[in-house]
Structure formats: C-alpha cells, structure tokens
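No lab work stands behind these numbers, since they all come straight from the coordinates. Worth saying up front: this structure is predicted, and the values here are computed from it rather than measured. Ideal geometry is used to build each Cβ from the backbone, glycine not excepted, and the neighbour counts take in all protein chains shown.
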Ligand SMILES: [Zn+2]
C-alpha cells in the first residue's frame, strides 16, 4: 500500500519500532504481538506479563440498598509485588480480623519442614495436601475452628523454607500434653519411615496469648508475605500461582471478645467492606459483576476512606446524545490487556484473599 506520510517523518518513525507495525500483514502482526508479550523467563505463558500490568488497574463497585456506592481497587495479590504487598497484607488482616476477635485466648502452631523434605512441598497440590493434613490433625486434637497459612521463606534467608502457621483457640498445655500433640501432628504430616530414614522430623512450635495487642500482632505476623522477590525462586513462583493460601475451618459465629485500637481505623473500615457491609450505612453491599478500570473510579471524584477503598458520589444522570468525541478511535481500557486468567484471579481475590 503506498504511504501517504510525509517522507520527512520517516526517519523519526524509524526510531520507534512500534510505529513500523504493518497491520495489513497478519504474519507480521502476530510476530509483533508475540515479541511484545515475551519476557525472557521460563514461566508459563500466562505468567509472562509482569504483574504491574494488571495490579491495581481494575476496581469493583458495590452499593447498598439505598444506592450508597463504594469502590474497591483490585490488587494482584502476589507476595512479591511491591505495588500491592502492603495493601494486600492489610486486606488479609481485615478479612481475618472479625474471626480473630472472637478468640479470647489464641494459640499458634508453627510447623517447619526439614531441608530434605522441602523438595516435596513445592507444588500447589502438595501444599494443599499438607494444609489439609494439618487441619485434620488439629481437628482431631479438638481444635474445632482455626485459620491456617503457609509462609514460604524465613526472615533470614532467600532459600525456600516452607512453614505452616495455624491459629486456634488454645492456652496453656502441660509439657506432657504438648509433647503428645506435637507427636500426633508429626505422625499425621510426615510419614514415619521418612522421618526415621532422614533422622530428622518436623519442627513444631506452640505459643499462646490472651493479650489483644499480642493477638493482633500475631494476626499481622501470620498474614504477612514472605515471598518478597520473585527471583528468589522463579519456578516456585510459577508453580504456586493461584494457590489459595488463607484458609479457615469451623464455625465463627461468636461475639467479639476484644476491640481494635483506635489507630487501626482504616483496618476497621476494610474489615467492614470485606464482610460485605457498607462502612458507613452498615447495610449489605451488592457487588457488580463487571470490573471497571481504576481510572474510571478516579474520574468520579471519589473519597479514599482506606487505602484502595473509595466512597463514590451518587450517580448523576448521563447527558443525552453525547457520544465519544473521537468515534474513530477504539476505546482503550487497561483491562484490554488482561488475560482471562488474570481477570479470573482478580475476581477470585475479590471474593477470597488468596
Ligand atoms: Zn500487585
């Protein structure tokens, strides 16, 4: 096709490969897209886009029965994402908080895997299976409700160091009873012949507290991210992508045993929203199925009431007969770039913190 461009513009365009794409040639177009999407890594295809591409670009809107609207920004939730790590952490705290407030005396079990065994807990399947085993063991020991989460790394090293944390209702245990419970958990989580052959076993710690301040601190500690840099273990990062790491069991229908301190106001607001309630009216929220670009939220003059949570003004009637001033341009929205898997993950993260 002959070009109608001014020839003097050509050298400038040559500096920008993007401008050279030939939309009339499907082969070249495919090649162009593939080249653009590729990041030199051994991650699966859907994971090759860096998370900044979809972290925080979409939001979800909910409203109560009176039309009071609220918006929530959707984070990618990956532990190593610097953009959303703190926000996601706070969201996890907010989600667990109403349950943890029902615990008067909180006990925390930590189960650490010896180095030789870590190799066997590196996939979603095995992490899920070990989680299930620990929950079953704790139930059998009489802990009728609890919460559980994996930490993938320790604080001291960048070497894979998986440990399970479980919080339950619990208090003082006599040395004999503590030993009995530890042995029981060990037997349920690691085959005895393996432990005997290795000459090593699971390391198990037990702590308890009745101080609300310490309980809150424990909640914060457990829900934190430990996989802080994808480069520590790229293969693991790809393998555990989409793992639902926060899990609870049992009934949580008791009254609150302690109150949050005043300085955690934004956590209290987030906890309300995460329970599906409007933070001001206290009425149940209905979330819209359609995810919207975050830019659209910003354009509506929102009030940020907690990081990533916005009150929206009432809807104005849209003016009539006003189409786009640029009808020949395709609408460009950030969510166009998301893969179905990324969109699904955002939706899942909205419903349950992964
Ligand atoms: Zn993120």
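Provide the FRET efficiency to the nearest 0.05 for the residue 217-residue 315 pair, computing r from the beta carbons and using R0 = 45 Å. Result of the calculation: an efficiency of 0.60. For 234, 274, the sequence from fewest to most other C-beta atoms within 10 Å is 234, 274.
Sorted by mean Cβ packing within 10 Å, highest first, what order do the peptides 154-162, 204-212 take?
204-212, 154-162
Per residue, the convex hull spanned by the Cα atoms of the stretch 96-184 amounts to 124 cubic angstrom. Hey, how much of the P(r) for the stretch 58-312 falls beyond 32 Å, as a percent of Cα pairs? The proportion of pairs with Cα distances above 32 Å equals 29 percent. Label-to-label distance for residue 141 and residue 348 is 2.9 nm, based on points extended 7 Å past Cα in the beta-carbon direction. Between residue 234 and residue 124, the simple label model (points 7 Å from Cα in the Cβ direction) yields a spacing of 2.1 nm. If you plug the beta carbon distance of residue 300 and residue 263 into 1/(1 + (r/R0)^6) with R0 = 30 Å, you get a FRET efficiency near 0.55. Averaged over residues, the count of other Cβ atoms within 10 Å places the peptides 80-88, 143-151, 224-232, 172-180 in the sequence 143-151, 80-88, 224-232, 172-180, highest first. Taken along the Cα-to-beta-carbon direction at a fixed 7 Å, the label points for residue 248 and residue 159 span 3.7 nm.
Relative to a virtual label point 7 Å from the Cα of residue 203 in the Cα→beta-carbon direction, which members of the stretch 89-128 show backbone nitrogen distances below 19 Å? 108-122, by backbone N distance to the label point.
Given Cα positions, please report Rg to Rh for the stretch 128-277, the hydrodynamic radius being the Kirkwood one.
0.98
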